[in-house]
1. Output the residues belonging to the range 171-188 that are closer than 19 Å to Gly225 by Cβ, within 12 Å of the ligand (Cβ to nearest atom) and not charged (D, E, K, R).
2. Restricting to strands (runs of 3 or more DSSP E) lying wholly in the range 1-92: which have 1 or more residues that are without any contact (Cβ under 8 Å) to a residue 12 or more places away in the chain, outside the structural domain of His147 (by TED's automatic domain parsing) and of a type outside the set (Phe, Trp, Tyr)?
3. Would you mention how many residues in the range 240-296 are in contact (Cβ under 8 Å) with a residue 40 or more places away in the chain and closer than 30 Å to Glu58 by Cα?
4. Looking at the range 144-154, is at least one residue of a type in the set (D, E, K, R), more than 16 Å from the ligand (Cβ to nearest atom) and over 18 Å from Leu84 (Cβ atoms)?
5. So Gln204 fits all but one of (1) surrounded by fewer than 22 Cβ atoms within 10 Å (Cβ to Cβ); (2) more than 16 Å from the ligand (Cβ to nearest atom); (3) in contact (Cβ under 8 Å) with a residue 12 or more places away in the chain; what number is the exception?
6. Could you say which residue among Lys52, Lys21, Lys96 is modelled with pLDDT under 95 and more than 16 Å from the chain's Cα centre (by Cα)?
7. May I ask you to list the residues in the range 241-265 that are in contact with a helix residue (DSSP H, G or I) (Cβ under 6 Å, 6 or more places away or on another chain) and not in a helix (DSSP H, G or I)?
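The values are calculated or read from the model by the stated rules, or taken from the named source; none is laboratory data. Computed from a predicted structure; not experimentally measured. Don't worry about glycine lacking a Cβ; one is built from the backbone with ideal geometry, like all the others, and counts go over all protein chains shown. Please note that ligands, DNA and RNA were not included when accessible areas were found on the heavy atoms of the full protein model with its side chains. Shrake-Rupley method; radii C 1.70, N 1.55, O 1.52, S 1.80 Å.
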Amino acid sequence: MIIGLDIGGTNIKGILLDGNKIRSKVQYSTKSKTNKNLLLKQIFRCLEILIKKAKKIEGIGIGVAGPVDFKNQKILNPPNVTALKNLELGKIIQKKFQIKTLIENDGHLMTLAEAIMGAGKNKEIVVGITLGTGVGGGLVINKKIIHGEIGTAGEFGHMTINKYGRKCNCGSRGCLETYLSESGIRKTSFDFFHKRIRSYDLHQIGRKGNQTAIEAWKEIGESLGVGLANIVDMFNPEIIIIGGGIACGAGELLINPAKKTMRKNILSESAKKTSVVLTKLNEYAGAIGAGLLFNQ
Ligand SMILES: [Zn+2]
């Protein structure tokens, strides 16, 4: 069996994968985003729990929220989980547990999982975007992750959609992430409600028909749509899959205005038909992708 672990800014999720079947799931809230020792201790504990559940573990796949030098198996500079900065996490885990370990960016993994087992199952060119503490993404062609030169391809969250826009954790301005991450959504909610509202609550009141909340989601969705149009003009994918906690929650309130803006901004008439759908594998997509790394 293979372990897939997804280390995010809010939660750590793990699964035991037996071929393409999920045998077990665990989830914990991330203890620290900034303290390396605390976070490492928690990662080890999660792995120990999963290892105990299986007879034999053949590999450990780890997804991290941030750019990864895939060739050298090193985490670079994750803007939202700074505890992992420059960490050779794969080597550390491999040494401790004596099990082959691979690390990869979480957006890549969500996209891989969807391309193999989810909404992109029968598609050749699949783009994924994850909306959570940060915004990540990936490009998978013929079931293979496209890494680029060192492994950082697909960081759609840091695509500039407004060069005079909000300041981003990465140091830049107007990145897609500053509008679509949890904190970005709270900022937009302030413009509409004069107080910060969690994406979950904004979704709840929007679903009940609150017009101000629906307007707020429309504005957030339009920002996503600008990003989607850029992606379609760049890669002309068959499908774009939107995942992560925020997308699973907000659903159509977010996706419908995003699609509308995307279609308005795309150059080619035929590319306007690119399908945009919500994740099928939901919150465990990243962890499943981490397990599937050993099929790559
Ligand atoms: Zn940024």
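1. Result: Gly174, Cys175, Leu176, Thr178, Tyr179, Leu180, Ser181, Gly184.
2. Per the criteria, 21-29.
3. Count: 21.
4. Let us first name the residues in the range 144-154 that are of a type in the set (D, E, K, R), namely 144, 149.
When the remaining residues are screened for being more than 16 Å from the ligand (Cβ to nearest atom), the result is 144, 149.
Within this subset, residues satisfying the condition of being over 18 Å from Leu84 (Cβ atoms) are 144, 149.
Checked the range 144-154: at least one residue is of a type in the set (D, E, K, R), more than 16 Å from the ligand (Cβ to nearest atom) and over 18 Å from Leu84 (Cβ atoms).
5. Every listed condition holds for Gln204 apart from (3).
6. Step by step, each of Lys52, Lys21, Lys96 is checked, and only Lys21 is modelled with pLDDT under 95 and more than 16 Å from the chain's Cα centre (by Cα).
7. Ile241, Gly243
Yes/no per residue for (1) touching a Gly at 6+ places or on another chain (Cβ under 8 Å); (2) more than 16 Å from the ligand (Cβ to nearest atom); (3) outside any strand (DSSP E or B):
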site	(1), (2), (3)
Leu139	yes, yes, no
Asn169	yes, no, yes
Phe190	no, yes, yes
Met234	no, yes, yes
